[in-house]
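Q: Take a look at the following structure, please.
Each value in this text was obtained by applying a stated rule to the coordinates, not by laboratory testing. Computed from a prediction, not measured in an experiment: that's the story for all the values here. No Cβ is skipped: glycine too gets one built from the backbone with ideal geometry, and neighbour counts run over all protein chains shown.
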Amino acid sequence: MGKINHDAVLRARVLLLGSGQPSLREEVDAYRVLAEVSPKAYLPKLVDALLLTSYRCRHPKVELALTTEAVGAARSIEADVPTRAERLCRALDAYQRVLLALGRRAEGRAVCEELAAAGRSGRLACVLAEEGRFQEAAELNEKAARNGTSEPSFWAMVEWAANLEGAGRHDAASAVFRELLDRTRREAAEQGTALAILTWELVHHSRMREAAGHGADAAAIRHEALAVLEELATKGEPKNWSCILGWWVTLFTLSGRGDEPAASADSPMLPFGTDLDRWSATRDAFLDTLPALEAEAEGLREAGRLPELVDVQRRISIRAAVSEGTRPYRFEERFKPCFDEGVALARRLSDDPARLARALTDRSMYLVAARTFEPAYADFAEAVTLLDAR
């Protein structure tokens, strides 16, 4: 601690105790001064004020300076202060976000490793998955899921299964997803969750089994999904549910991972299987590829290369879902053209029933999200017929 400027200390106290409302910047400056003389009382307040300032900032270099200072201040809080660990984790979390946003992945990963050592492994698992290190990410997912005090959430189980599948451990991934699916079946039977969610999970699990070479399993699960859809088409949801679009977005996006470039440390990819409404340094980069894909689609259309066009159109639809899929306002109107075009293009491929079945399934699951159950059932019934006939 350097020489104390008593005049500055007095001004800081007057500012904070005065009747006026100081600006956030003034509060930060005051806490910086007072933390020198009363660190136990004012370092925690300095951390909070620095983090709040960083959240409101739109300049990455300034954010970096603020979060760096916040981490330093949090580390300086005395060990016996009850909130030290919580504040340090919040500061580290903000710091790694800025580092990753600036492309400083190695430093950001190191901060995530420190968070994981403190018991908060979610960000590290996400960063590892972005870099294609799926096995390491899955090990963190398993530890978090099995060591928790409550039942793992949909998001935790899907992320774990997705990383196992990314690591090539298809049977283990299916076992994890089946555990989630069994729970959803029980909850749906008790009207504790939406039949729409059960439908999306069943369809995704059928895709997982198909990809793993278990065609008979996949067919049985598809028929179960068809039965649930028939119930929705004839009776509707037994209860009204708040917005559940995030479930659809997560599983639809995950189903397209195989069509995207492989993830690596040099070329990180979207963390498939996670809640995509959460911040991710790779989300914007994923969405930024949309203009190039649209240009590619136009070239394929002009060249009459329909199979490739169908595939690119699906990648475009997935980006639309990532960008706006959880927004219910005018949902059906906004997404209908994407999925209608996908089906229309696939119908022109008379010798490619697999692509048509995929497009019909995609549109069916979107229609479930739009709560338009009768056409959703019709689409999926056609898709099941095509797949059964192979």
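Q: For q = 0.09, 0.13, 0.16, 0.20 Å⁻¹, what log10 I(q)/I(0) does segment 6-119 give under the Debye formula with an equal point scatterer on each alpha carbon and no solvent?
A: One equal scatterer on each Cα of segment 6-119 leads to -0.25, -0.51, -0.74, -1.04.
Q: Order the peptides 378-385, 81-88 from the highest to the lowest mean number of other Cβ atoms within 10 Å of their residues.
A: Sorting 378-385, 81-88 by mean packing, highest first, produces 378-385, 81-88.
Q: Quick one: compute the contact order of the chain, relative version, from alpha carbon pairs under 8 angstrom and 6+ residues apart, as a percent.
A: It rounds to 11 percent for the chain.
Q: Something else now. Of ALA49, ALA161, ALA125, which has the largest mean-square fluctuation in a 10 Å C-alpha GNM of the chain?
A: ALA49
Q: As a footprinting exposure proxy, order LYS143, LYS235, LYS45 by other Cβ within 10 Å, with the fewest listed first.
A: LYS235, LYS143, LYS45
Q: Return the aspartates and glutamates within reach of LYS45: Cα separation strictly under 14 angstrom, same-chain partners fewer than 8 residues apart disregarded; answer none if there are no such residues.
A: Straight-line reach from LYS45, under 14 Å: GLU26, GLU27, ASP29, GLU36, GLU69, GLU78, GLU86.
Q: OK, next. Please report the relative contact order for segment 251-390, taking Cα pairs under 8 Å with a sequence separation of at least 6, and give it as a percent rounded to a whole number.
A: Details: 117 pairs, mean separation 24.9, N = 140.
About 18 percent, as a whole number.
Q: What does the charge add up to near VAL158, with Lys and Arg as +1, Asp and Glu as -1, over the other residues with Cβ less than 10 Å from its Cβ? List each step's numbers first, then the result.
A: On the way: positive: none; negative: GLU159, GLU201, ASP275.
With Lys, Arg at +1 and Asp, Glu at -1, the net is -3.
Q: Just rank HIS59, HIS204, fewest to most, by other beta-carbon atoms within 10 angstrom.
A: HIS59, HIS204
Q: Using the count of nearby Cβ atoms within 10 Å as a rough guide to exposure, how do CYS126, CYS243, CYS57 rank from fewest to most?
A: Fewest to most other Cβ atoms nearby, the residues stand as CYS243, CYS57, CYS126.
Q: Still on this structure: With runs of 4+ DSSP H residues as the only contributors, calculate the mean residue ellipticity of the chain at 222 nm using -39,500 (n - 2.57) per run, divided by the residue total and rounded to the nearest 500.
A: That comes out to -24000 deg cm²/dmol.
Q: Something else now. Measuring from label point to label point, each 7 Å out along Cα→Cβ, what is the LYS239 to THR372 span in nm?
A: If labels sit at LYS239 and THR372, their model points lie 2.7 nm apart.
Q: Where Rh denotes the Kirkwood radius from the mean inverse Cα pair distance, what is Rg over Rh for the chain?
A: A ratio of 1.07.
Q: Let me ask something else. If you fit an axis through the alpha-carbon atoms of helix 170-189 and take the longest principal axis of the Cα set of the chain, what angle between them do you get, 0 to 90°, nearest 10?
A: 90
Q: For segment 105-112, just list the computed ³J(HN,Hα) in residue order, Karplus coefficients 6.51, -1.76 and 1.60, θ = phi - 60°, integers in Hz, with x standing in for Gly and Pro.
A: Per-residue couplings from phi come out as 5, 4, 5, x, 5, 4, 5, 4 Hz.
Q: Can you figure out the FRET efficiency of GLU230 with TYR329, using R₀ = 22 Å and their beta-carbon distance, to the nearest 0.05?
A: Efficiency for this residue pair is about 0.15.
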